[in-house]
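Here's the structure, in C-alpha cells; my notes come after.
What follows draws every value from the coordinates through simple rules; no lab data is involved. Source: prediction; values computed, not measured. Every residue, glycine as well, gets a Cβ built from its backbone with ideal geometry; the counts of neighbours run over all protein chains shown.
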Amino acid sequence: MATISVVGTGYVGLVTGACFADLGHRVTCIDIDAAKVETLKRGGIPIYEPGLEELVKRNIRAGRLHFTTSYADGLADTSFVFVAVNTPPGPSGEADMTYARSAAHSIAEHLGTPATVVNKSTMPIGTGDWVAGILARYGSVAAAVVSNPEFLREGSAVTDFNHPDRIVLGADDREAAERVAELYSPLKAPILITDLRTAEMIKYASNAFLATKISFINEIASICEKMGADVEQVAHGMGLDARIGRAFLNAGAGYGGSCFPKDVQALAHMAALSGCHPQLLRAVMEINRDARRSVVLKLRAALGSLEEKTIGVLGLAFKPNTDDLREAAAIEIIHLLQGEGATIQAYDPEAMEKAKAILPGVRFCTDAYEAAEGVDALVLLTEWSEFKSLDLPQLRAAMKQPIFVDGRNVYDTAEMADEGFEYHGIGRGNGHRDGAAVALKHAVGTLVEAG
Ligand code: NAD
C-alpha cells in the first residue's frame, strides 16, 4: 500500500483522498484553509456529496485518512503527491494558476523523499512541464510529473471515482505513469497512457465536447420553438442513433458549474493565444449565455414588465445532488430578474446556505410550495428529484398566476396544461404557434421551389 498526499481538499481532492484511503492506502490531505481542515479532522464534511461523509468517517476511524495544513507533515515519507487545487477562471478567460503555482512551490520546498507529483486539477496544456520546472529549480527530489485529469461529476463523485470510464495518465516518463496506474489497478478501468500535453488536452477536449452537445441541443431547441417541433422528442430520436447518443442532449437553461464554463473559456483562450481561431468554442459559449437569457425572455413575454412581480425559483445549484453554485444558471438568472425589478423567493434542497452569502435580496423558502406562494410565475432551474414529483394542484393553488417556466424540461407540456398551468418549456414548440406556422409555410415553400 502506498503513502499518498493530496494537495487541495475540495470536491476533487477530498473525493480522491477518501477513495484512495478506502482502497487501503495511507492518505494525508493538505489544505491551506484551516477552518476546512478542522472540520474534516472532526469527521465533518464542508461540501454536500452523496456517500462522501460516511467514506471520510470510515477511513479516519481506520487510521488511513489524515488532514493537515502543514506541507511538512503532509508530505513526510510520501510517494505520490496529487495536486487538486482550484484553477478558477482569470479575468480574460484563462485558467488562474495562482493556487497551482503556490502549491507547486510549497511541494518543491517541502518534499523530502523522492515522489511522483500528479496533476489532477484541470490545468492548461504545458502545465506538467511548468511544474517540473518549478520542482527542478528547488532541486526537489520529485521523481516525475504525471498528468492525471479528473472526470468525476459532482453529485456522483464517489461512484465516478470507483467506476471511471477511463483513467488518463500523461507523462514523459512512462514508468512514472505506470506507478500511478498501479494505484488505480483495483478499479479495473481502462487506462490510457499518453505524453503529458496530450493528457492535459484530453481533459479540455472532453469538457468542451460535452458543453458543445448541450449548446447544440439548445440551438436546436430555439429552432424547434420557432418551427413548432418538440426538442425532447428530437433529442430522443437523435439519441437512439448509437453514433450520437442521448447523453448531454438535454435542452434547458444552459450548462454551469465549476468546470464547463471555465474549461471552454480557457481552451478558447489558449487556442487564440496560439494563433488558432476557436469559432466553435466561442459559439458554444454564446449559445449558453443565450440559453440563460431565454428564461428571462420567456418570463417577460408571459408577464410583460417584471417590475414588482414576484418570481418563485425552484433550484439554485448548478445541477442536482450538489450544493455547488459556481456558475449556476440560477445565479445569473436571479440577478437579471432582480435587475428588472422582480422580487425573488427561492428554494433548493442543498444549496441555500451557500446561496445566502451570494444572493442578497432573495427570500429563501423551506420547500417548493412556499417558493410558489403568491408568485406571478414559477421557474424551475435545477432538476432535483423532488421537483419531478411535485403535487401540481397544491403548487397551482399556491400561485397568484399559473405561469410555469420549466428551465429543465422536467414536465410534460400536455399534463401541465391539464393541471391549469400556462407552461413554458424550452424548445417544446408551445407558445409560438403563429410564428411556427409562418416559418413552416416558408420552409415548405422553399422546399417546393428547390424541388
Ligand atoms: P475546490 O475549490 O472545491 O477545492 C480546491 C481546494 O484547494 C480548496 O479547498 C482550497 O482551499 C485548496 N487550495 C488552494 N490553494 C491551495 C494550496 N496552495 N495548497 C493547498 N490547498 C490549496 O476545487 P475542485 O472543484 O475540487 O476542483 C479542483 C480542480 O479539479 C480544478 O482544477 C477543477 O477544474 C478540477 N475538476 C473539478 C471537478 C469538479 O467536479 N469539481 C471535476 C473534474 C476536475
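A few remarks follow.
- Prolate/oblate/rounded call for the stretch 3-194, Cα gyration tensor, a/c under 1.5 rounded: rounded
- Per-residue HN-Hα couplings for the stretch 356-364 [Karplus 6.51, -1.76, 1.60; θ = phi - 60°; Hz; x = Gly/Pro]: 4, 6, 10, 10, x, x, 8, 8, 8
- Computed label-point distance, nm, for sites A247 and S274 using a 7 Å Cα→Cβ extension: 2.5 nm
- Radius 12 Å from Cβ of G93, net charge of other residues (Lys, Arg +1; Asp, Glu -1): -1
- R61 versus A414: modelled label distance in nm, points set 7 Å from Cα along the beta carbon direction: 5.2 nm
- Relative to the current alpha-carbon distance between H335 and A283, full extension at 0.36 nm per residue lengthens the span by 16.4 nm.
- Just so you know, the averaged projected area of the alpha carbon convex hull for the chain sits at 24.1 nm².
- Sorted by Cβ density within 10 Å, fewest first, the residues R292, R300: R300, R292
- Gain in span if fully extended, A397 to T194, counting 0.36 nm per residue against the direct Cα distance: 67.2 nm
- Taking the Kirkwood radius as Rh and the Cα radius of gyration as Rg, the stretch 13-69 has a ratio of Rg/Rh equal to 0.91.
- Stretched out straight at 0.36 nm per residue, the stretch from E38 to E307 would grow longer than its current Cα-Cα span by 92.3 nm.
- Selection from L169, A108, A34, by position along the positive dipole direction of the stretch 3-194 (Cβ): A34
- Charge tally in the Cβ shell below 13 Å around H163, where Lys, Arg are +1 and Asp, Glu are -1, H163 excluded: +1
- In the chain, the DSSP-assigned H stretches of four residues or longer account for a calculated mean residue ellipticity at 222 nm of -14500 deg cm²/dmol, using -39500 (n - 2.57) per stretch and the full residue count as denominator.
- Under-5 Å amide H pairs with V81, H placed in peptide plane, nonlocal only: S5, T116, V117, V118
- Evaluating 6.51 cos²θ - 1.76 cosθ + 1.60 at θ = phi - 60° for every residue in the stretch 188-196, the Karplus couplings come out as 6, 9, x, 10, 10, 9, 10, 6, 4 Hz, glycine and proline recorded as x.
- From phi via Karplus (6.51, -1.76, 1.60), per-residue ³J(HN,Hα) for the stretch 142-157 in Hz, x at Gly/Pro: 3, 7, 6, 10, 10, 9, 9, x, 9, 10, 5, 10, 4, x, 9, 5
- Built amide H within the under 5 Å cut-off of I167, gap 5+: I191, L192
- For the chain, the residue among L306, A417, V131 whose Cα projects farthest onto the positive side of the dipole built from Cβ charges is V131.
- Once backbone amide H atoms are built at 1.01 Å from N, D96 has G90 as its partners under 5 Å, excluding neighbours fewer than 5 places away on the same chain.
- Ordering H236, H424 from the fewest to the most neighbouring beta carbons within 10 Å gives H236, H424.
- Student exercise, the chain dipole from Lys, Arg, Asp, Glu Cβ charges, in Debye to nearest 20: 560 debye
- In the stretch 206-431 the Cα-Cα distances spread across 5 Å bins starting at 0 as 1, 7, 15, 19, 20, 17, 11, 6, 3, 1, 0, 0 percent of all pairs.
- Rounded to 10°, Cα long-axis angle of helix 329-339 versus longest principal axis of the chain: 50 degrees
- For the listed residue pairs K298/K319; K262/K388; K226/K354, the alpha carbons are over 26 angstrom apart in K262/K388; K226/K354.
- Each Lys or Arg adds one and each Asp or Glu subtracts one; over the other residues with Cβ under 9 Å from the Cβ of L336, this totals 0.
- Cβ-to-Cβ counts within 10 Å put C19, C259, C29 in ascending order as C19, C259, C29, the fewest first.
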